[in-house]
Amino acid sequence: VFVTGWNDRTRKFQVRFEPIAQAAGQVSESNLIEQRYGLRVMRARLHQAHFRREVLAAYRNRCSICELRVRPLLDGAHITPDSADGEPIIQNGLAMCASHHRAFDRKILRVTEDYTVEVDRDQVSAQDRAGKTTLLDHHGQPICLPKDEAQWPDRERLAAV
């Protein structure tokens, strides 16, 4: 739909209905993003919801790095990923907020076998205030662990990451 006119006296718009590609001069071809959809077959990780629930319960519904307690923003992060035959057990998981989980998966942030946070400082600019607060301020800090030591992250898995 394109607005082609306005009548101030009657306070009405004049509109034109036509496909975007036909609206000469209205939208350039270089700015056009065509909406396209396709069907995709995926392998769903049916165990993931249970894994997340168990990991978050062990960590008392908080990020193991920053202690964020907003449950919808928390993930059960695999230490050894599913794709590498990582088991869906609490000892192969860390409760992480979405930002720390993404940094962990991309090897910007890691947790050492002595449960300390390490941040790849080359990936985060010291002038980036948000990066400093979100990542660099946690460098060298211990993670928050489950109360039950039997649920702590497996040290061998952490060492292998």
Exercise for the section: Excluding residues on the same chain fewer than 8 positions from LYS147, give the lysines whose Cα lies under 27 Å from its Cα. Expected result: LYS107
Completion exercise
Taking THR10, THR116 and ranking on accessible area (1.4 Å, protein atoms only), highest first, one gets THR10, THR116
Handout entry: Carbon + sulfur, % of accessible area of region 79-161 - ligands and nucleic acids excluded, 1.4 Å
Key = 45 percent
Handout entry: GNM flexibility winner over the chain from ASP120, ASP85, ASP137 (Cα, springs under 10 Å)
Key = ASP85
Fill in the blank from the handout: Normalised per residue, the volume inside the convex hull of the alpha-carbon atoms of region 38-130 in Å³ amounts to 149 Å³
Exercise for the section: Provide, for q = 0.14 Å⁻¹, the log10 of I(q)/I(0) from a solvent-free Debye sum over equal Cα point scatterers in the chain. Expected result: -0.74
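How long are the semi-axes of the ellipsoid equivalent to region 47-93, from square roots of 5 times the Cα gyration tensor eigenvalues, in whole Å, largest first?
19, 10, 9
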Exercise for the section: Would you calculate, for the chain, the mean residue ellipticity at 222 nm contributed by helices, counting each DSSP H stretch of 4 or more residues as -39,500 (n - 2.57) and dividing by all residues, to the nearest 500? Expected result: -5000 deg cm²/dmol
Handout entry: Average accessible surface area per residue within region 77-151, 1.4 Å rolling probe, Å²
Key = 57 Å²
Problem - Probe 1.4 Å - accessible area at SER125, Å² to nearest ten - result: 60 Å²
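The values are calculated or read from the model by the stated rules, or taken from the named source; none is laboratory data. Just so it is clear, the structure is predicted and the values come from calculations on it, not from any experiment. We work out accessible area using only protein heavy atoms, side chains counted, and drop any ligands, DNA or RNA first. Shrake-Rupley method; radii C 1.70, N 1.55, O 1.52, S 1.80 Å.
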